[in-house]
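Chemist: Right, I'll just put the structure down here and ask away after.
The values are calculated or read from the model by the stated rules, or taken from the named source; none is laboratory data. Keep in mind the model is a prediction, meaning the values are calculated, not measured. Cβ: placed from backbone, ideal geometry, glycine included. Neighbour counts: every protein chain shown.
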């Protein structure tokens, strides 16, 4: 089905019959669209734009998400962290701008989609770790990272002018990052623009190793809103990002030319019916083009390689709010998106003068259509019960299955032949149509003014991603990789519970979870063969279904000694097991946490200072089949402080990794070649001690 068909099928939902009886003004926007509430929340963690901008270290949504307990980062470059939520990462974590799912355009995961969501271009960032509302979209077995360009479409337009800007010098990178934004409005129409830029150099690890890290990138955004009355609003947003160069020490190539353009628009309208209360529709598209090559890598003298890849997404969403009874709200709607991905790598062999091509993503496409219904019942004492159910249909196909593979893979035949060779004849049929079902129940109870708790249970399904299903047999980091068209959908059954307690001197939130994943899609070694004819067996990785279990929890909070002093703390733990093979799952972060001291002054300049210790235990629960190795634990200290000036400016400075510790996160990826001072097979280390200073301004 073509992209336009998915969009048209959804647009037809936007013209429901309206009741002929007047209805009171809708005072609350659709719960599925706007997420408000105290922070920290039990079931969702929200960061407002002010909070995102306040931490100048947040280059993008990936950096911001990493500050939340239970979320770790996988890094091929320290400037492109990929969130992993409770042990589940990659495209298990759905990244959205407004309603639209965003997909990176690099098969090697150079560009996790969070890199395209920068603080100055969004209104808020919501991270879902546990059971998401079924109205948020399909998939998301690993959670969701959701950025909104308009927090509430029906909120009256700005009736003034606002602006912000910041510039940060990073001594460890001998470079700057800057960002700015502004809005102007007359109460009915509002317009906003934003921009950012990064110019970083290489960095040194705690042991003095030079790590390639050159980063030259920039972006811009624009938003237009119209709110003709108190209950309705229209909006349009464009978000653009460009990378001129970004080093990836863990990968065989660097990014040399990346362009992303994301457009979203929609409206929220009241409906004057007896039961039909409101309607919201959204539509959008994302176009991400990506070029990478091996210039600067040690194999450049024998092979000149370049890959040109693209990812395009079109989507639409309709949501309606109903009130069939005074004590319950219903949300009913549909969503859909169409994703196309194509990637071609060119390999020029210097000695022979021959050129070979690898159709890494062989003209792959996935289309999704979904229906959802959710009931939220309100009871006495503020108790709330949310029940949701959604159905999705997913079509997946490729257009280059019959394309012959080039040397040294020509012996395997075509793209389809290679699938069948490694996974059996059923894998030769690459067209897939799947029907998925997801649903959950969430019970939130404010026990007292100081204690709230929740308990939830549910299931969520996702289809295999384009890379998992269709990666064409080709060279990849550490050997060779081949997708599996015969993968079954992944199904996660989860129980999630927790409590939040607050008093005069303490606040603490605790969450526990257990998730069984049926048909967990495991990336693992599937064969060892001499593919390139050098008489040495090559590792071939692929994707298989297995059954898995993940358990763990998080705790975070503050201990307050006075209005000026407090101790923030957090900790997270997850254990993942492959039940089918009785092995540990790969890519699971160890026990980790943070603890520190924070002082906030009360003078007119609002001085503040904090010392935060980041800790991680040794990770010995590893999967040698992936393969991965143990990672030692670490403890690092960061110092920060600042104050406000009368002119609307603030100054901030800090020292990261004060004791210059040499450390790496467990999820950091390993190098393929010797680059900088790193040896092949070494995990990318994090920066050593460095100083930074920032100036921030707001109007």
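Chemist: Among 169, 203, 136, which is closer than 22 Å to residue 57 by Cβ, modelled with pLDDT of 95 or more and buried (at least 20 other Cβ atoms within 10 Å of the Cβ)? Outline the logic, then answer.
Modeler: Working: 169 fails: buried (at least 20 other Cβ atoms within 10 Å of the Cβ); 136 fails: closer than 22 Å to residue 57 by Cβ.
Every option except 203 fails the conditions.
Chemist: Restricting to the range 650-692, give me the number of residues that are more than 26 Å from the chain's Cα centre (by Cα), in a strand (DSSP E or B) and farther than 30 Å from residue 607 by Cβ.
Modeler: Number satisfying all stated conditions: 2.
Chemist: Can you tell me how many residues in the range 462-510 are part of a strand (DSSP E or B) and either touching a helix residue (DSSP H, G or I) at 6+ places or on another chain (Cβ under 9 Å) or more than 30 Å from residue 568 (Cα to Cα) (or both)? Spell out how you get there, then give the answer.
Modeler: The initial filter retains those residues of the range 462-510 that are part of a strand (DSSP E or B), namely 462, 474-476, 479-481, 490-502, 506-510.
From the residues that got through so far, the ones that are either touching a helix residue (DSSP H, G or I) at 6+ places or on another chain (Cβ under 9 Å) or more than 30 Å from residue 568 (Cα to Cα) (or both) too are 462, 474-476, 479-481, 490-493.
Total meeting the criteria: 11.
Chemist: Yes or no: the range 423-432 includes at least one residue that is touching a residue at least 12 places away in the same chain (Cβ under 8 Å), assigned to a strand (DSSP E or B) and buried (at least 22 other Cβ atoms within 10 Å of the Cβ).
Modeler: Quick first cut of the range 423-432, residues touching a residue at least 12 places away in the same chain (Cβ under 8 Å) only: 423-424, 426-432.
Narrowing the set further to residues that are assigned to a strand (DSSP E or B) leaves 432.
Remaining after also requiring buried (at least 22 other Cβ atoms within 10 Å of the Cβ): none.
Checked against the condition, which is being touching a residue at least 12 places away in the same chain (Cβ under 8 Å), assigned to a strand (DSSP E or B) and buried (at least 22 other Cβ atoms within 10 Å of the Cβ), the range 423-432 yields no hits at all.
Chemist: Of all residues in the range 608-630, which are surrounded by 16 or more Cβ atoms within 10 Å (Cβ to Cβ) and part of a loop (DSSP other than H, G, I, E, B)?
Modeler: Listed by number, the residues that qualify are 617, 621, 622, 623, 625, 626, 628.
Chemist: Restricting attention to the range 309-362, which residues are free of Cβ contacts under 8 Å to residues at least 12 places away in the same chain and assigned to a strand (DSSP E or B)? Quick ask: steps written out before the conclusion?
Modeler: From the range 309-362, those free of Cβ contacts under 8 Å to residues at least 12 places away in the same chain are 325-326, 352-353, 355; that's our starting set.
Of everything in the range 309-362, those that are free of Cβ contacts under 8 Å to residues at least 12 places away in the same chain and assigned to a strand (DSSP E or B) turn out to be 325, 355.
Chemist: Is it the case that the range 279-294 has a residue that's modelled with pLDDT under 95 and surrounded by fewer than 19 Cβ atoms within 10 Å (Cβ to Cβ)?
Modeler: Taking every residue of the range 279-294 in turn, none turns out to be modelled with pLDDT under 95 and surrounded by fewer than 19 Cβ atoms within 10 Å (Cβ to Cβ).
Chemist: Every residue in the range 239-282 that is closer than 20 Å to residue 684 by Cβ and either without any contact (Cβ under 8 Å) to a residue 24 or more places away in the chain or not in a loop (DSSP other than H, G, I, E, B) (or both), please.
Modeler: The first filter runs over the range 239-282 and keeps only residues closer than 20 Å to residue 684 by Cβ, leaving 243, 245-256, 258.
Listed by number, the residues that qualify are 243, 245, 246, 254, 255, 256, 258.
Chemist: Show the residue pairs that are 6+ apart or on different chains and have beta-carbon atoms under 7 Å apart, the first residue being within the range 452-480 and in contact (Cβ under 8 Å) with a residue 60 or more places away in the chain and at negative phi, the second being in a loop (DSSP other than H, G, I, E, B) and surrounded by fewer than 20 Cβ atoms within 10 Å (Cβ to Cβ).
Modeler: Between residues of the range 452-480 that are in contact (Cβ under 8 Å) with a residue 60 or more places away in the chain and at negative phi and residues that are in a loop (DSSP other than H, G, I, E, B) and surrounded by fewer than 20 Cβ atoms within 10 Å (Cβ to Cβ), the close pairs are 453/447.
Chemist: Considering 141, 114, 135, which residue is more than 9 Å from the chain's Cα centre (by Cα) and part of a helix (DSSP H, G or I)?
Modeler: Working: 141 fails: part of a helix (DSSP H, G or I); 114 fails: more than 9 Å from the chain's Cα centre (by Cα).
After ruling out the rest, the residue left standing is 135.
Chemist: Just one of (1) in contact (Cβ under 8 Å) with a residue 24 or more places away in the chain; (2) surrounded by fewer than 24 Cβ atoms within 10 Å (Cβ to Cβ); (3) within 26 Å of residue 569 (Cα to Cα) trips up residue 66, so point out which.
Modeler: With respect to (1) in contact (Cβ under 8 Å) with a residue 24 or more places away in the chain; (2) surrounded by fewer than 24 Cβ atoms within 10 Å (Cβ to Cβ); (3) within 26 Å of residue 569 (Cα to Cα), residue 66 is out only on (1).
Chemist: Related question: State whether the residues of the range 212-229 include one that is crowded, with 20+ Cβ neighbours inside 10 Å, touching a residue at least 24 places away in the same chain (Cβ under 8 Å) and in contact with a helix residue (DSSP H, G or I) (Cβ under 8 Å, 6 or more places away or on another chain). Can you show your working first?
Modeler: Narrowing the range 212-229 to residues crowded, with 20+ Cβ neighbours inside 10 Å: 212-213, 215, 217, 219, 221, 223, 225, 227.
The next check asks that each one be touching a residue at least 24 places away in the same chain (Cβ under 8 Å); those that pass are 212-213, 215, 217, 219, 221, 223, 225, 227.
Those still in the list that are in contact with a helix residue (DSSP H, G or I) (Cβ under 8 Å, 6 or more places away or on another chain) too: 219, 221.
Yes: one or more hits.
Chemist: Any residue in the range 435-450 that is free of Cβ contacts under 8 Å to residues at least 60 places away in the same chain, in contact with a helix residue (DSSP H, G or I) (Cβ under 9 Å, 6 or more places away or on another chain), within 26 Å of residue 356 (Cα to Cα) and part of a loop (DSSP other than H, G, I, E, B)?
Modeler: No: the range 435-450 contains no residue that is free of Cβ contacts under 8 Å to residues at least 60 places away in the same chain, in contact with a helix residue (DSSP H, G or I) (Cβ under 9 Å, 6 or more places away or on another chain), within 26 Å of residue 356 (Cα to Cα) and part of a loop (DSSP other than H, G, I, E, B).
Chemist: Which condition does residue 633 not pass, out of (1) closer than 21 Å to residue 250 by Cα; (2) crowded, with 16+ Cβ neighbours inside 10 Å; (3) without any contact (Cβ under 8 Å) to a residue 60 or more places away in the chain, if it passes all the others?
Modeler: (2)
Chemist: Can you tell me which of 670, 674 is within 30 Å of residue 542 (Cβ to Cβ), surrounded by 15 or more Cβ atoms within 10 Å (Cβ to Cβ) and out of contact with any helix residue (DSSP H, G or I) (no Cβ under 7 Å at 6 or more places or on another chain)? Full working, then the answer.
Modeler: Working: 674 fails: surrounded by 15 or more Cβ atoms within 10 Å (Cβ to Cβ).
Answer to the check: 670.
Chemist: Residues 317, 300, 268: which one is surrounded by fewer than 23 Cβ atoms within 10 Å (Cβ to Cβ) and either touching a strand residue (DSSP E or B) at 6+ places or on another chain (Cβ under 6 Å) or more than 18 Å from residue 106 (Cα to Cα) (or both)? Walk me through it before giving the result.
Modeler: Values: 317 fails: surrounded by fewer than 23 Cβ atoms within 10 Å (Cβ to Cβ); 268 fails: surrounded by fewer than 23 Cβ atoms within 10 Å (Cβ to Cβ).
Exactly one residue qualifies, and that residue is 300.
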